[in-house]
């Protein structure tokens, strides 16, 4: 059974049709990338899956159950977590706090047992601390030790990105939606992020849905690629196939580029 | 969208039935009473509209609910009162007030002319100083001139409040701005107690507009005053003047642009700080006019710490109900609230079985506000009307 | 780590002991004014601390706190009203209360359920505790009610709605609807006054409130509330149930506000609608903003400032001669001009002496000189008494804090023993610094080159 099934969802804002009849699946353990020109509706797709928007039509199923109409925090309970394109960390709180908060929804203690610091609560708090450190250790020793207690606003951009990803992992989700995880990173950092995403799937067992613009990252890491343009799916498949797909080239580079590519192919065929 | 019309017509029908019921079945009041109530409602509604305009303009530009606006309204009323009732002042006090007001006038002129050495700024200061000293210490002032002077000074006060308390917090989180506005409101209330009076104050300048008036209708007589002409007329004049300013002048266009998108307006060369100051100026002037008319309407002013609170909150509710950020919305909301408070209370008069709704009438505004905020936050006018400031 | 915790616990207990000793000394000294001021500080402290849960920790501006206090206060007062006072009310012609409402008393309930031992004068404190609890719970119900709009409304609008709630409760309390419970504008007299003025009761409950709030703040629930304050959307995306937590914050905050209201009516030995006006919430706002919104220690500090100004500010409101006032006004105007110049200098605005500051300074100086020289001038004879100066001062203080330091004196920092001992966990130890240097040095460590430039 597919972990995530998006079936024919559509969403419009006023007169603007952001998503039209979009369908695809994500199998457990896959890394699927969603690509497309700007304005194609990729972040809207994420918002639809995570419950920020409700699709006008269609269904979204996670592990067989419909998640349409659920609030974002309920969807996190079900097992989907996301990162944000422009980073939405809790800037005045410490790194540790940022990675503890996503675990709150799984806390079985009541508020008064928290206030009274019962042994049961203390135990669970310790477990949350341990899990936080475990998720942060994905990124090496950087964010552990003293950086744990520093407020996020003193961190460098790269460390903020890492904190955001650790945060998403700390929710206990099975599936992660990463919105442009390598935005603003130089090539070296991008390689590192690629490695981390792969490790997330291999070691962490996460299923990953990825929005990206950097094609080398997409090509390196994706099992499958879904291409969107103007809110519709125009191609799906392995990276190599999708990249040569004429519709995709047209979407990214325009019709003339497509014609040039055709004539080149024809010339190549003749020669 | 037909729903609005259906609801509106339905309400009108209900009102007509209720009037019939009260007049012919309960025989508790006669038709003239309802005509009088309607006139009263129009007056009250106009007053709310004047105050609501200030709220809606400021919110439209800087997204701040100016808690202090109700107290600016109070200051306007009291300033006018002291101008027409207690001139002449002793010289040193007249000089101090004139000096401070002249400084305020120069401050405001400086905002538009840009430089302190500008002849208009200096000239304005000198003229204001001389004129105010004279007006305060040597002569008595009639109520209309008092109102105009009060509008000027209150307008300046509004600009000073913005410059001192709100502008330093332009980029700050909204909560800080709100708290500052609350503090400003508190400051004005208590300073008003100090500077004006601690008591309820009668507001009866000698004028023919407060003379009684009666006319026959439907067989009985309606008793009212000539204010039924003055208040709606004055309100209409001010609203028309404001609308003309906002639509026909460059500064008005700049105001509308800044309300839509301050950053882009700034990039187009609009001095947004100046625009905001103008907004406060105009809003406070209208509030002062509203204050004076309020005094005329009710014949007295509540003590300063209390006078502005309820009308302020109700006017804000009116602005939201009509559609915050929209000028016509503020007027519609204000008139609607006036009718709600006055006329609905009249529809359910006190009888031997029923205590009447008068003691609840202050809660109507709040309840309607909460309902509107929860159910239709964009208000009556909503986003549909293009005229926004 | 638990060694430090032991040390901290012992130190905290010692500190509380010290406070208890101080309270004992104050009570024994017989200085009634000081005891009264401290009791007021504790009562308002409870209310301000509970307001800080919503305003500071959760980041929702709530302006209706006085409404919760009204509910709790009136409930406690009604339940504790002695027989004599009830009889007086039922005989009075203007009273709105009915036999049913007049019969609501903890004392009669104790008798009714067969515990006459708890209906004696000796057990007054037990009944007061029960009445406080009921008042708090009733206020909590209203807190739940007010929490509901908080789910749909944002910032400013929610603030107005909470303000409206505070006003509606007071307006309704005087109408025929609630009159039978509140006795309308008359209120009640004769509420037992020895609890609200008792340092032990007030400080004890204050300690409990601060304990609950700080323990909550540093727990997972507290973090969830702070997440809502920082970024609501991100919080929801991280699994925080916004509805539950917001309503929870309102309810808990309202509970303690109700308890504070109960102590307040005991302090005043009466319950009247005028005791629950908006200025109460304003004072708490000043306390929170001046002291530090994120910090409960700061809120206590701010409450101390507010109570000090309120209780010891009488000299400001005495009659003074007019030329003294002229001099004072002149000094204030000149000080404003100087203060503005100082602010401009500290913010590096040029020119420091804005042209408009000169006339302002001039007016101030001239006023002072006139006052000094012309003290016998006819227009300057006579006296003037400035009522409300204390409130003006608080309002000015609030505006000044917002402009100069909006996060308050303490900002988000809580008092902690770690701060006293200068133990900082967010700075690297020397060993870590060396390791960090190795990690960031591209010559030594070819993997890492993206970690430089951090604070």
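The values are calculated or read from the model by the stated rules, or taken from the named source; none is laboratory data. Worth saying up front: this structure is predicted, and the values here are computed from it rather than measured. Note that each Cβ is placed from the backbone with ideal geometry, even for glycine, and that neighbours are counted across all protein chains shown.
Out of all the residues in the range C:390-405, is one or more in contact with a strand residue (DSSP E or B) (Cβ under 9 Å, 6 or more places away or on another chain), outside the structural domain of residue C:59 (by TED's automatic domain parsing) and either under 25 Å from residue B:100 (Cα atoms) or touching a residue at least 24 places away in the same chain (Cβ under 8 Å) (or both)?
Checked against the condition, which is being in contact with a strand residue (DSSP E or B) (Cβ under 9 Å, 6 or more places away or on another chain), outside the structural domain of residue C:59 (by TED's automatic domain parsing) and either under 25 Å from residue B:100 (Cα atoms) or touching a residue at least 24 places away in the same chain (Cβ under 8 Å) (or both), the range C:390-405 yields no hits at all.
Hey, residue C:345 hits all of (1) out of contact with any helix residue (DSSP H, G or I) (no Cβ under 7 Å at 6 or more places or on another chain); (2) modelled with pLDDT under 85 but one; which does it fall short on?
Of everything listed in (1) out of contact with any helix residue (DSSP H, G or I) (no Cβ under 7 Å at 6 or more places or on another chain); (2) modelled with pLDDT under 85, residue C:345 misses just condition (2).
Yes or no, residue by residue, for (1) away from chain B (no Cβ under 13 Å); (2) outside any helix (DSSP H, G or I):
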site	(1), (2)
C:299	yes, no
C:303	yes, no
C:328	no, no
C:339	no, no
C:352	yes, yes
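Hey, which of the helices (runs of 4 or more DSSP H) in the range C:73-164, taking only ones fully inside, have at least 1 residues that are within 14 Å of chain B (Cβ to nearest Cβ) and touching a residue at least 40 places away in the same chain (Cβ under 8 Å)?
Because the criterion is at least 1 residues that are within 14 Å of chain B (Cβ to nearest Cβ) and touching a residue at least 40 places away in the same chain (Cβ under 8 Å), the helices (runs of 4 or more DSSP H) in the range C:73-164 that meet it are C:124-147.
Given the conditions (1) without any contact (Cβ under 8 Å) to a residue 60 or more places away in the chain; (2) farther than 28 Å from residue A:21 by Cα; (3) in contact with a strand residue (DSSP E or B) (Cβ under 7 Å, 6 or more places away or on another chain), and given that residue A:192 satisfies all but one, which numbered condition is not satisfied?
(3)
Which is within 14 Å of chain A (Cβ to nearest Cβ), in a helix (DSSP H, G or I), more than 26 Å from residue C:298 (Cβ to Cβ) and at pLDDT 90 or above, of C:243, C:235?
Within the list C:243, C:235, the selection yields C:243.
Quick check, is residue B:50 in contact (Cβ under 8 Å) with a residue 40 or more places away in the chain and more than 26 Å from residue B:362 (Cα to Cα)?
Here the answer is no, as residue B:50 does not meet what is asked.
Give the residue, chosen from A:113, A:145, that is farther than 17 Å from residue A:206 by Cα and facing chain C (nearest Cβ under 7 Å).
Step by step, each of A:113, A:145 is checked, and only A:145 is farther than 17 Å from residue A:206 by Cα and facing chain C (nearest Cβ under 7 Å).
Scan the range A:47-62 and report the pairs whose first residue is within 18 Å of residue C:237 (Cβ to Cβ) and within 14 Å of another protein chain (Cβ to nearest Cβ) and whose second residue is at pLDDT below 90 and not in a strand (DSSP E or B), with Cβ atoms within less than 6 Å and a gap of 6+ or a chain change.
Cβ pairs passing all conditions: none.
Of all helices (runs of 4 or more DSSP H) completely enclosed by the range A:1-112, which ones contain at least 2 residues that are closer than 21 Å to residue A:226 by Cβ?
Passing ranges, in order: A:42-49.
Could you go through the range B:139-157 and let me know if any residue there is surrounded by 15 or more Cβ atoms within 10 Å (Cβ to Cβ), within 20 Å of the chain's Cα centre (by Cα) and within 14 Å of chain C (Cβ to nearest Cβ).
For the range B:139-157, residues surrounded by 15 or more Cβ atoms within 10 Å (Cβ to Cβ), within 20 Å of the chain's Cα centre (by Cα) and within 14 Å of chain C (Cβ to nearest Cβ): present.
Scanning for something more than 16 Å from the chain's Cα centre (by Cα) and surrounded by fewer than 22 Cβ atoms within 10 Å (Cβ to Cβ), does the range A:218-227 turn up at least one residue?
yes
Could you identify the single residue in A:185, A:200, A:215 that is surrounded by 13 or more Cβ atoms within 10 Å (Cβ to Cβ) and under 30 Å from residue A:13 (Cβ atoms)?
A:215
Sort through C:409, C:401 and tell me the only one that's within 14 Å of chain B (Cβ to nearest Cβ) and under 26 Å from residue C:59 (Cβ atoms).
It is C:401.
Is it the case that some residue within the range C:375-382 is surrounded by 13 or more Cβ atoms within 10 Å (Cβ to Cβ), more than 14 Å from chain A (Cβ to nearest Cβ) and modelled with pLDDT of 80 or more?
So far as the range C:375-382 goes, no, none of its residues is surrounded by 13 or more Cβ atoms within 10 Å (Cβ to Cβ), more than 14 Å from chain A (Cβ to nearest Cβ) and modelled with pLDDT of 80 or more.
Taking the options C:309, C:290, C:286, C:368, name whichever one is touching a residue at least 40 places away in the same chain (Cβ under 8 Å), away from chain B (no Cβ under 11 Å), in a helix (DSSP H, G or I) and within 30 Å of residue C:43 (Cβ to Cβ).
C:309
Go through A:229, A:195, A:179 for me and flag whichever is in contact with a helix residue (DSSP H, G or I) (Cβ under 6 Å, 6 or more places away or on another chain) and within 14 Å of chain C (Cβ to nearest Cβ).
After ruling out the rest, the residue left standing is A:179.
Would you confirm whether any residue within the range B:309-316 is over 14 Å from the mean Cα position of the chain (by Cα) and either within 13 Å of chain C (Cβ to nearest Cβ) or surrounded by 24 or more Cβ atoms within 10 Å (Cβ to Cβ) (or both)?
Looking for residues that are over 14 Å from the mean Cα position of the chain (by Cα) and either within 13 Å of chain C (Cβ to nearest Cβ) or surrounded by 24 or more Cβ atoms within 10 Å (Cβ to Cβ) (or both), one finds none in the range B:309-316, hence no.
Can you go through A:125, A:134 and tell me which one is outside the structural domain of residue A:210 (by TED's automatic domain parsing), under 16 Å from residue C:215 (Cα atoms) and assigned to a helix (DSSP H, G or I)?
A:125
Taking the criterion of being facing chain C (nearest Cβ under 8 Å) and over 20 Å from residue C:238 (Cβ atoms), would at least one residue in the range A:158-169 satisfy it?
Yes: one or more hits.
Being more than 10 Å from chain C (Cβ to nearest Cβ), assigned to a helix (DSSP H, G or I) and touching a helix residue (DSSP H, G or I) at 6+ places or on another chain (Cβ under 6 Å) is the filter; apply it to the range B:76-94 and report the residue that is farthest from residue B:188 (Cα to Cα).
B:84
If you take the residues of the range C:213-232 that are within 7 Å of chain A (Cβ to nearest Cβ) and free of Cβ contacts under 8 Å to residues at least 12 places away in the same chain, which of them is surrounded by the fewest Cβ atoms within 10 Å (Cβ to Cβ)?
Ranking the qualifying residues of the range C:213-232, first place goes to C:215.
Spot the failing condition for residue C:362; the list is (1) within 11 Å of another protein chain (Cβ to nearest Cβ); (2) assigned to a helix (DSSP H, G or I); (3) in contact with a helix residue (DSSP H, G or I) (Cβ under 8 Å, 6 or more places away or on another chain); (4) under 30 Å from residue B:122 (Cβ atoms), and only one is missed.
(3)
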